[in-house]
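The values are calculated or read from the model by the stated rules, or taken from the named source; none is laboratory data. Not measured: the values here are computed from a predicted model. Note: ideal-geometry Cβ built from the backbone for every residue, glycine included; neighbour counts use all protein chains shown. SASA here: full protein model, heavy atoms, side chains in, ligands and nucleic acids out. Shrake-Rupley method; radii C 1.70, N 1.55, O 1.52, S 1.80 Å.
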Amino acid sequence: MAMIEIRSLNKWFGDFQVLKNVNQSVEKGEVLVICGPSGSGKSTFIRCINRLEDFQQGAIQLEGKDIKSPEMNVNTLRTEIGIVFQQFNLYPHLTVLKNVTLAPIKVKKVRREEAETTALQLLDRVGIHDQALKYPAELSGGQQQRVAIARALAMRPKVMLFDEPTSALDPEMINEVLNVMKDLARDGMTMLCVTHEMGFAREVADRIIFMDGGEILEEAPPSEFFKNPRHERTRAFLKEIL
Amino acid sequence: MHWDVVYNNLDYFLWGAFPKGPLGGLAMSIVLALLGIFGAFWIGLAAGLMRLSRNGFVRWPATVYIEVVRGTPLLMLIFWFYFLAPILFGHTLPAAESALTSFIVFTGAYVAEIVRAGVLSLPRGQMEAARGSGLSHVQAMSHVILPQSLRNMIPSFVNQFVSLTKDTSLAYIIGVDELMRNATQVNNRTYNAPTEIFITVAVLYFIVCFALTSFSRRLEKHIMRYQARNR
Ligand SMILES: Nc1ncnc2c1ncn2[C@@H]1O[C@H](COP(=O)(O)OP(=O)(O)OP(=O)(O)O)[C@@H](O)[C@H]1O
Ligand SMILES: [Mg+2]
């Protein structure tokens, strides 16, 4: 059984169709990279998976269970699917530690001490050893994004979604975030990453999909994707960003 | 000049007949304003959040309340509650309670708009991050959105409080013993020192409001520093 199964997904914003018959199956431990030009529907696509966006047609299953079925509570679904945003979206009024422990304490009802121990381990893992008591604004962009990853991991999700996690970062900070993501991938996390970091894609992706105009135009393992892209628009896109 | 009239009645201006009689004067004005802003905060918070709801049945009553009150003079509301109370409850409400009710209802509508603007001014990503991590709407509001937006709203709250402090003088019209009415009483009794009396009244209102606005300005600076830190 696939970790995530997406069947004939169609979505409209008013009259405008953002997603056109999207089908995907992501196995446990698989890393899927999604790329494509701006406005092609990449964010909308991954945000449908944790229901930050609603969709009109099609079905998405997490481990065989329909995410829209009545017995699947939307908040529970979101504890199983972590998400990391382009703009980090850390809570500026809370310390790094509290950013990470908020959801485990409130949603999973984990005891505070336990949540803090886990949080400190996760912060250690993403390389933010001694910043736990600082506020987000006191950290660099790269550090903030790593905290955001730790915050998502604190819920012990089965799947992680990344929406252009390095696009808002200064170039010298991109690698520290990518390294954390590579680490996660090696540890067997199931990941769907919207990113234009093709070095990252080449190294850790199991499959790359190219979206344009709400459709998946190309889908291939990295070697094939870069060596002989079949679709001409993929070739044009790759030429532009490589 | 008859400043002795002011001097002899200063305690009456400041706290009325208290402690031998009922509280009045400036103290009563301040008590009305404090209770008023306290009540208005909770009503305004509820109405502001209701107006943000996507559910029409929740949103509509709040919208009607806010818009109707904002299009109504406070003085009229005061009359309303005063003369409506006997019809509604079968007995007159004491003037002070009746005035206080009008203050709460009136200021609540303005607080509601402050709350709504404060919540809307936060980046959308805050709500998305909170909901995306599994928090319910209520949890996201109470742990992520409101702590931030309430902090940003403090200066507007203080402004509303200053307005209300001045507006308590309208309670004079239904006979509440606050600063304005007590001053008028003294004036009617003495009627040789109206200028001195009303200069004193103006100065008293000014001192309270000025203290509040300077406090608000200091707070604003402090908050701006906080926000700058969080850019
Ligand atoms: N809430 C919305 N209402 C209406 N249209 C929207 C909304 N959100 C996105 N869109 C439109 O849907 C299309 C796809 O948007 P989406 O954000 O998914 O693209 P994207 O591939 O993530 O682009 P980018 O690389 O710029 O992030 C765009 O044309 C966008 O304008
Ligand atoms: Mg996007």
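Values as computed for the structure displayed
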read-out: Built amide H within the under 5 Å cut-off of residue A:211, gap 5+; value: A:35, A:36, A:217
read-out: Furthest towards positive pole of dipole, A:85, A:221, A:177, structure part chain A, Cβ charges; value: A:85
read-out: Signed unit charges on C-beta, dipole axis of the protein assembly as shown, positive-most listed residue A:58, A:165, B:95; value: B:95
read-out: Shielding of B:143-153 by partner chains, average beta-carbon count, 10 Å; value: 2
read-out: In sequence order, calculated HN-Hα J values of region A:150-165 (Karplus, 6.51, -1.76, 1.60; Hz; x Gly/Pro); value: 4, 4, 5, 5, 4, 8, 6, x, 8, 9, 10, 9, 10, 10, 6, x
read-out: Debye equation applied to the C-alpha atoms of the protein assembly as shown, log10 I(q)/I(0) at 0.14 Å⁻¹; value: -1.26
read-out: Volume per residue that the Cα convex hull of region A:128-242 spans, once the total is divided by residue count, Å³; value: 124 Å³
read-out: Length-normalised contact order for chain A - Cα pairs under 8 Å, 6+ apart - percent; value: 27 percent
read-out: Whole-number Å³ per residue for the convex hull built on Cα positions in region B:3-229; value: 151 Å³
read-out: Relative contact order for chain B, counting Cα pairs under 8 Å that sit 6 or more residues apart, in percent; value: 28 percent
read-out: Within-14-Å neighbourhood charge of residue B:61 [Cβ basis; K, R +1; D, E -1]; value: +1
read-out: Charge context of residue B:143, other residues only, Cβ under 11 angstrom, K/R +1, D/E -1; value: +2
read-out: Area of residue B:15 that stays accessible when all protein chains are in place (1.4 Å probe, Å², to 10); value: 110 Å²
read-out: Pairwise centroid distance, computed over Cα atoms, of region B:44-70 with region B:97-113, Å; value: 15 Å
read-out: With Cα atoms, 0 to 90° folded angle of helix B:95-120 axis to chain B main axis; value: 30 degrees
read-out: Accessible area, probe 1.4 Å, largest first, for residues A:146, A:7, B:225; value: B:225, A:7, A:146
read-out: Residue-averaged 222 nm ellipticity for chain A, from DSSP H runs of 4+ at -39500 (n - 2.57), nearest 500; value: -11000 deg cm²/dmol
read-out: Computed [θ] at 222 nm, helices only, for chain B once each DSSP H run of length n ≥ 4 contributes -39500 (n - 2.57); value: -26500 deg cm²/dmol
read-out: Sequence of B:81, A:237 when ordered by accessible area, the most exposed leading, probe 1.4 angstrom; value: B:81, A:237
read-out: Taking region A:86-226 and dividing mean pair separation by its residue count, relative contact order in percent (alpha carbons under 8 Å, at least six apart); value: 21 percent
read-out: Local electrostatic count at residue A:216 - Lys and Arg +1, Asp and Glu -1, tallied over other residues with Cβ under 14 Å; value: +3
read-out: Accessible heavy-atom area order of A:138, A:5, highest first, probe of 1.4 Å; value: A:138, A:5
read-out: Partner chain coverage, peptide A:88-99 - average Cβ within 10 angstrom; value: 4
read-out: Whether chain A is rounded, prolate or oblate, judged on the alpha carbon gyration tensor where a/c under 1.5 counts as rounded; value: oblate
read-out: Residue B:10 versus residue B:217: modelled label distance in nm, points set 7 Å from Cα along the beta carbon direction; value: 2.7 nm
read-out: Volume in Å³ per residue [convex hull over Cα atoms, computed for region B:117-194]; value: 113 Å³
read-out: Dipole axis of the protein assembly as shown (+1 Lys, Arg; -1 Asp, Glu on Cβ), positive-most option in B:18, B:111, B:65; value: B:18
